[in-house]
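Take a look at the structure set out below.
The values are calculated or read from the model by the stated rules, or taken from the named source; none is laboratory data. Just so it is clear, the structure is predicted and the values come from calculations on it, not from any experiment. So basically every Cβ, Gly included, is an ideal-geometry build from the backbone, and we count neighbours across all protein chains shown.
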Amino acid sequence: MSTVRKRLAPAARREQLVRAAMAVLADGGAEALSFDAVARRAGVTRNLLYHYFPDGTADLLRAAAEVAGEDLVGGWTVDPDVSLAERRVRNFTTMLAHASEPTDAWAVSRITSVATDPPLRAITARYRDHVVRAMALNAFGTPEPTTLQRAVLESYQAFVEAFLDRARDQDLAQEEIVRILATMLDAAVASAGGVTAG
């Protein structure tokens with residue numbers, strides 16, 4: 001009995017290809033990304049990849065950065081009806097879940113964070129800005145932080161990413177990680193004139 005491959009709608013097929021590219025990136029880094037590798041991972045032909053990504057692997061890498069960014073910021077809690085302490089726990093837990101595996105989205109975001117390609121840098125900056133604006137809303141009551149507040153939150157975000165990678169490598173306990181993230185955020189926010197979780 002032969003199996004019939006289900007034809008996917010264009011949007012679903014494109015996402016399948018991007019997810020395959022993310023897996024290739026997560027496993028082997030940017031140097032592993034090729035149409036051949038992604039085609040093998042997705043079970044499709046190279047020609048299909050060219051159909052969806054006519055500008056080659058750079059186009060595919062940018063698409064992977066977009067999906068990774070969406071995955072990472074999708075569950076961020078800014079609801080003012082939820083206590084600040086609870087919002088922080090939820091947000092730290094979401095970040096920790098991505099970093100501890102690490103998920104493909106986390107790996108791709110770490111790879112693209114050091115990219116030199118201007119369009120790729122712009123994608124990464126847009127998703128980082130989303131997180132900074134959400135942190136500012138939680139910490140300062142506005143998604144438009146001052147220049148100082150933005151600098152503090154961007155620096156904190158860089159610390160969090162590096163710390164979560166180190167915590168995973170050293171197998172630190174989740175409670176300890178969350179405690180350190182909260183303590184560091186309180187110090188950062190207080191230094192920039194915001195409120196702390198108390």
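General observations
- So ASN138, is it surrounded by 13 or more Cβ atoms within 10 Å (Cβ to Cβ) and touching a residue at least 60 places away in the same chain (Cβ under 8 Å): yes
- From the list ALA136, ALA125, the one residue that fits, being within 22 Å of ARG90 (Cβ to Cβ), outside any loop (DSSP other than H, G, I, E, B) and at pLDDT below 95, is ALA136.
- Some residue of the range 97-112 being among the hydrophobic types (A, V, I, L, M, F, W, C), closer than 19 Å to GLU154 by Cβ and at pLDDT below 90: no
- Extreme residue, nearest to LEU61 (Cα to Cα), among residues of the range 103-129 that are acidic (Asp, Glu) and either without any contact (Cβ under 8 Å) to a residue 12 or more places away in the chain or buried (at least 17 other Cβ atoms within 10 Å of the Cβ) (or both): ASP104
- There is at least one residue in the range 166-181 that is among the charged types (D, E, K, R), at negative phi, assigned to a helix (DSSP H, G or I) and buried (at least 16 other Cβ atoms within 10 Å of the Cβ).
- Restricting attention to the range 139-165 and to residues that are under 14 Å from ARG87 (Cβ atoms) and assigned to a helix (DSSP H, G or I), the residue that is farthest from the chain's Cα centre (by Cα) turns out to be PHE140.
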